[in-house]
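The values are calculated or read from the model by the stated rules, or taken from the named source; none is laboratory data. Keep in mind that this is a model prediction, so the values were computed, not measured. Cβ sites come from the backbone with ideal geometry, for glycine too, and all protein chains shown count toward neighbours. Ligands, DNA and RNA are stripped out before the accessible areas are found, and what is left, the full protein with its side chains, is counted by its heavy atoms. Shrake-Rupley method; radii C 1.70, N 1.55, O 1.52, S 1.80 Å.
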Amino acid sequence: MIRALALLLWLPLVATAQTVPEPDDYRMDHYRAPVPATLRGATVIGPEAAHALWKSGEAAFIDVMPQAPKPANLPEGTIWRDKPRNSIPGALWLPNVGYGAVAEITAAYFRDGLARATGGDKSHPVVIFCLEDCWMSWNAGKRAIEWGYTAVHWLPEGSDGWMLWDYPLERIKPEEPQPQAN
């Protein structure tokens, strides 16, 4: 009886997770919500496949977890500390590149980060992730595909799924924008 009740409560959640349609355009709001099971042009992977790629060293890992900016007009003497980010070891953290609409400076930051991570080779595998149920990684993966990257792997479970498998995490810092040559 209890199992049947648990199954009845669980089935609507599974059905909801499986019915999120893949949009034609970027997700523009409500970034922490169930995501589609697909990303056209990408290979969708789970934590085990991501770990295999990580161990092999064959892919660049791109963390797109957003980072809140330091608030303007903080009272004098206020100490501001960025929220720490524990992520997949060796991942390049490119915060804020997964919003639905990004400023050109943010797009350039993302393009530059992808180019550095892949050595400029658009066929080099990249694994793009954030947290579980985070549209930031879906948007960033879609953007990379539109820019011509041909081996995009999307990890929809993100660092949350990675952690559940008890794979290692390390504290990372956001990648600093590189100076542009004139």
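One table, with the values for the structure above:
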read-out	value
Fluctuation leader among 127, 97, 44 - the chain, Gaussian network, Cα springs under 10 angstrom	44
Straight-distance crosslink candidates among lysines, where the alpha carbon sits under 22 Å from residue 122 and sequence neighbours closer than 8 are dropped	55, 142
DSSP bridge orientation in the chain - percent antiparallel, rounded to nearest 5	25 percent
Equivalent ellipsoid dimensions for the range 66-144 as semi-axes, Å, which come from the Cα gyration tensor, largest first	26, 14, 13
Length-normalised contact order for the chain - Cα pairs under 8 Å, 6+ apart - percent	30 percent
Cα radius of gyration and Dmax for the chain (Å)	17.8, 71
Residue-span extension gain [residue 108 to residue 171] - 0.36 nm each, minus C-alpha spacing	20.2 nm
Per-residue HN-Hα couplings for the range 143-160 [Karplus 6.51, -1.76, 1.60; θ = phi - 60°; Hz; x = Gly/Pro]	5, 4, 5, 4, 7, x, 6, 9, 10, 8, 10, 10, 9, x, 7, x, 5, 5
For the chain, calculated [θ]222 nm from helices alone, where every DSSP H run of n ≥ 4 adds -39500 (n - 2.57)	-10500 deg cm²/dmol
Share, in percent, of DSSP beta bridges within the range 81-182 that are antiparallel, nearest 5	40 percent
Per DSSP, loop GluC sites (Glu not before Pro) in the range 30-118 with at most 11 further Cβ within 10 Å	76
The range 74-170: trypsin sites (Lys or Arg not before Pro) in DSSP coil with no more than 12 other Cβ atoms inside 10 Å	81
Within the accessible area of the range 31-182 (1.4 Å probe), percent carbon and sulfur	53 percent
Separation between Cα centres of the range 149-174 and the range 77-101, rounded to whole Å	14 Å
